[in-house]
1. Quickly run through the range 106-127 and pick out the residues that are within 15 Å of Thr328 (Cβ to Cβ) and not aliphatic (A, V, I, L, M).
2. Output the residues belonging to the range 128-148 that are under 20 Å from Arg329 (Cβ atoms) and away from ligand 1 (no atom under 16 Å from the Cβ).
3. Of the residues in the range 17-64, how many are in contact (Cβ under 8 Å) with a residue 60 or more places away in the chain and either within 23 Å of Ile161 (Cβ to Cβ) or not hydroxyl-bearing (Ser, Thr, Tyr) (or both)?
4. Looking only at the range 369-388, how many residues end up being within 20 Å of the chain's Cα centre (by Cα) and either hydroxyl-bearing (Ser, Thr, Tyr) or surrounded by fewer than 19 Cβ atoms within 10 Å (Cβ to Cβ) (or both)?
5. Which residue is surrounded by the fewest Cβ atoms within 10 Å (Cβ to Cβ), if the candidates are limited to the range 75-115 and must be farther than 17 Å from Thr148 by Cα and polar (S, T, N, Q)?
6. Could you list, in sequence order, all residues of the range 316-352 that are in contact with a Lys or Arg (Cβ under 8 Å, 6 or more places away or on another chain) and in a helix (DSSP H, G or I)?
7. If you check Gly213 against the conditions, is it in contact with a Leu (Cβ under 6 Å, 6 or more places away or on another chain) and either over 25 Å from Tyr125 (Cα atoms) or of a type in the set (A, V, I, L, M, F, W, C) (or both)?
8. Condition check: at negative phi, within 16 Å of ligand 2 (Cβ to nearest atom) and small (Gly, Ala, Ser). Does Ala144 satisfy that?
Amino acid sequence: MAFSADVKTSTAYPIPETQKAWVLGDPGELILTEKPVPAPDRAEVLVRIDAIAVCGTDIEVIYQGPPALIEGGLPFNKNWTPGHEYMGTIVALGKGVDEYEIGQRVTVEIHAGCGQCKRCREGMYTSCHNYGKNYGDQNKGHRANGFTTDGGFCEYAVNNINTLAKVSDVMSDAEATLVVTAGTSMYGLTELGGLVAGESVVITGPGPIGLLGVAVAKALGASPVILTGTRDNRLAIGTKLGADYVVNVTNEDAVEKVKEYTAGIGADYVLECSGARNSLNEAGKMANRGGKICLAAFPHEDVPVDVMHLVANNIYVYGIRGEGKSGTRRAAALMDQKRFDATLIHTHTFDMGELPEAIRYAKDRVEDAIKVVVTNSFAYAQKAEAAE
Ligand SMILES: [Zn+2]
Ligand SMILES: [Zn+2]
């Protein structure tokens, strides 16, 4: 591979000129193609993708487009590769990079931000004011792989070093793909104040972010941790991840149960991960006076909100986007210490060649899929060769 002299590579990790990559065609259409392997620039590395998880947001992006933004518009038919929850091995270092080594296992967070706007300077790089501006004379160098720049449904991706978290050998590849999901839950709890030890936390919605929200809240000492949802099998996973109480809202009144479990006053924090129609109003009634609500799910319709209840009870409402303020690294630290077993939400595995099937499992929740992980046989062949 002919990178410029600024880029460090190693014969232990040979890099081909081109790679197999999935690109998005029309809505819902994924096409397997051949693309050049990108070169890492200053403060960037090249990651060989070993495994990648499918996220609900990938499905939004593949079928609807937003929040992906490619060259200022929809992501369709732009030779663009989606996918953002990946982990892998560093195989090349861009100019000036001495923070990481070739051969190191890393997992990634998504948003590198532009690094020059007000929000990036505050650590809120997922709210970068230059989101998607990385082309032509608009170029602010913003990167959010799998949203505004090429993602991970391929063999190699370029990452800014600020988006990397080291993965130790106690974590499997599949487990490492789940770090960014736990990082989103961590960011939500961070925005609510972070110091949740001894405080009551409700998590609504046992999807991947909700379930790992339970795990992170419990690992940070929250008590009690209450999970609400509609599927008993998912609630049971919540119990294994540390929920003190679970409430199935199809046959129990969630607000009443939360009151019962919090000495009648309601919860200090509610992390809303369901996106359900009445979720904000319910969260308002679950929270105690002066309590805080974090909205972490994308709802699909406009909803009427009981603002009077929120104002009269001094309830704070926060919206979060993704995984800011280095939440991913803190989540990785908890997972490294085996404070919870994120793999409980990993239900299915496919090879990268079968990506459309993996997406179908995640989209249609085939066999009640929660997290579907896709592994790269190309990378595993290289690993096997290196081990010989
Ligand atoms: Zn995601
Ligand atoms: Zn920015």
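The values are calculated or read from the model by the stated rules, or taken from the named source; none is laboratory data. Computed from a predicted model, the values in this text were never measured in an experiment. For neighbour counting, all protein chains shown are included, and Cβ atoms are generated from backbone atoms with ideal geometry for every residue, glycine included.
1. Keep residues of the range 106-127 that are within 15 Å of Thr328 (Cβ to Cβ), which gives 106-113, 123-126.
Residues satisfying the conditions are Thr107, Glu109, His111, Gly113, Gly123, Tyr125, Thr126.
2. Correct list: Cys128 only.
3. Number satisfying all stated conditions: 31.
4. Count: 2.
5. Gln104
6. Ala332, Leu344, Ile345, Met352 - these are the residues of the range 316-352 that are in contact with a Lys or Arg (Cβ under 8 Å, 6 or more places away or on another chain) and in a helix (DSSP H, G or I).
7. Judged against the criteria, Gly213 is not a match.
8. Values: at negative phi: yes; within 16 Å of ligand 2 (Cβ to nearest atom): yes; small (Gly, Ala, Ser): yes.
Criteria met by Ala144.
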